[in-house]
1. Specify which of the listed residues (ASP8, ASP38) is out of contact with any strand residue (DSSP E or B) (no Cβ under 9 Å at 6 or more places or on another chain), surrounded by fewer than 16 Cβ atoms within 10 Å (Cβ to Cβ) and at pLDDT 95 or above.
2. Name the pairs whose Cβ atoms lie under 8 Å apart, with the first residue in the stretch 1-29 and closer than 12 Å to ALA49 by Cα, the second of a type in the set (Lys, Arg), and 6 or more positions between them or separate chains?
3. Go through the stretch 45-73 and give me each residue that's closer than 20 Å to HIS4 by Cβ, at pLDDT below 80 and either among the hydrophobic types (A, V, I, L, M, F, W, C) or surrounded by 13 or more Cβ atoms within 10 Å (Cβ to Cβ) (or both).
4. Just give me the residues in the stretch 19-39 being in a loop (DSSP other than H, G, I, E, B), under 15 Å from the mean Cα position of the chain (by Cα) and small (Gly, Ala, Ser), in sequence order.
5. Considering every residue within the stretch 11-32, establish whether at least one is touching a strand residue (DSSP E or B) at 6+ places or on another chain (Cβ under 9 Å), surrounded by 13 or more Cβ atoms within 10 Å (Cβ to Cβ) and modelled with pLDDT under 90.
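The values are calculated or read from the model by the stated rules, or taken from the named source; none is laboratory data. It should be emphasised that the depicted structure is a prediction, and the values quoted were computed from it without experimental measurement. Cβ: placed from backbone, ideal geometry, glycine included. Neighbour counts: every protein chain shown.
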Amino acid sequence: MKVHYDKDEDILMIVLSSKRIDDSYETQEGNIVSVAKDREPVMIDIFKASKFLKDLGKVIPKSVQKELWTGQSSVAVSHRIR
(Lines give C-alpha, C1' and ligand atoms only; values in the text may rest on other atoms or scores of the structure.)
Protein backbone atom coordinates (compact mmCIF):
# COMPACT_ATOMS: atom_id res chain seq x y z
CA MET A 1 0.00 0.00 0.00
CA LYS A 2 1.22 3.48 -0.86
CA VAL A 3 -0.16 6.75 0.47
CA HIS A 4 0.28 10.19 -1.05
CA TYR A 5 -1.08 13.50 0.23
CA ASP A 6 -1.42 16.52 -2.05
CA LYS A 7 -1.32 19.47 0.34
CA ASP A 8 -2.30 22.05 -2.31
CA GLU A 9 -5.47 20.15 -3.27
CA ASP A 10 -6.03 18.52 0.18
CA ILE A 11 -6.40 15.06 -1.39
CA LEU A 12 -5.26 11.81 0.22
CA MET A 13 -4.55 9.09 -2.35
CA ILE A 14 -4.29 5.53 -1.07
CA VAL A 15 -2.99 2.96 -3.56
CA LEU A 16 -3.95 -0.52 -2.39
CA SER A 17 -2.81 -2.58 -5.35
CA SER A 18 -0.73 -2.41 -8.52
CA LYS A 19 -3.59 -3.93 -10.53
CA ARG A 20 -4.88 -2.02 -13.55
CA ILE A 21 -7.86 0.24 -12.84
CA ASP A 22 -10.98 -0.88 -14.72
CA ASP A 23 -13.63 1.46 -13.29
CA SER A 24 -14.15 4.18 -10.66
CA TYR A 25 -17.05 5.03 -8.40
CA GLU A 26 -17.96 8.11 -6.44
CA THR A 27 -18.94 7.49 -2.82
CA GLN A 28 -21.79 9.24 -1.03
CA GLU A 29 -19.19 11.52 0.56
CA GLY A 30 -17.82 12.52 -2.87
CA ASN A 31 -14.62 10.46 -2.70
CA ILE A 32 -13.49 8.14 -5.51
CA VAL A 33 -12.86 4.39 -5.31
CA SER A 34 -11.11 2.88 -8.33
CA VAL A 35 -11.42 -0.87 -8.86
CA ALA A 36 -9.80 -3.59 -10.95
CA LYS A 37 -11.72 -5.86 -13.32
CA ASP A 38 -12.28 -8.34 -10.45
CA ARG A 39 -13.91 -5.46 -8.44
CA GLU A 40 -11.03 -5.31 -5.96
CA PRO A 41 -10.28 -1.72 -4.88
CA VAL A 42 -7.04 -0.44 -6.37
CA MET A 43 -7.03 3.19 -5.25
CA ILE A 44 -9.04 5.50 -3.00
CA ASP A 45 -9.02 9.29 -3.47
CA ILE A 46 -10.19 11.14 -0.36
CA PHE A 47 -11.07 14.78 -1.00
CA LYS A 48 -11.00 17.30 1.86
CA ALA A 49 -8.52 14.92 3.48
CA SER A 50 -7.62 17.15 6.41
CA LYS A 51 -11.26 17.22 7.55
CA PHE A 52 -11.59 13.47 6.94
CA LEU A 53 -8.54 12.70 9.09
CA LYS A 54 -9.63 15.12 11.81
CA ASP A 55 -13.10 13.52 11.93
CA LEU A 56 -11.59 10.03 11.83
CA GLY A 57 -9.52 10.85 14.89
CA LYS A 58 -12.73 11.56 16.81
CA VAL A 59 -14.29 8.14 16.19
CA ILE A 60 -11.31 5.76 16.31
CA PRO A 61 -10.28 4.80 19.84
CA LYS A 62 -6.84 6.08 20.87
CA SER A 63 -5.54 2.51 21.27
CA VAL A 64 -6.46 1.70 17.66
CA GLN A 65 -4.94 4.98 16.42
CA LYS A 66 -1.69 4.05 18.14
CA GLU A 67 -1.66 0.63 16.45
CA LEU A 68 -2.35 2.16 13.04
CA TRP A 69 0.35 4.82 13.32
CA THR A 70 2.99 2.39 14.61
CA GLY A 71 2.15 -0.27 12.03
CA GLN A 72 1.50 -2.85 14.74
CA SER A 73 -2.14 -3.46 13.93
CA SER A 74 -3.30 -7.04 13.51
CA VAL A 75 -6.76 -6.11 12.27
CA ALA A 76 -7.71 -7.77 8.98
CA VAL A 77 -9.57 -5.55 6.54
CA SER A 78 -11.49 -6.76 3.50
CA HIS A 79 -11.07 -4.64 0.37
CA ARG A 80 -13.87 -6.05 -1.76
CA ILE A 81 -16.75 -4.11 -3.25
CA ARG A 82 -19.87 -6.15 -3.76
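1. ASP38
2. If the second residue must be of a type in the set (Lys, Arg), the pairs left are ASP10/LYS48; ILE14/LYS2.
3. LEU68, TRP69
4. The answer is GLY30, and nothing else.
5. There is no residue in the stretch 11-32 that is touching a strand residue (DSSP E or B) at 6+ places or on another chain (Cβ under 9 Å), surrounded by 13 or more Cβ atoms within 10 Å (Cβ to Cβ) and modelled with pLDDT under 90.
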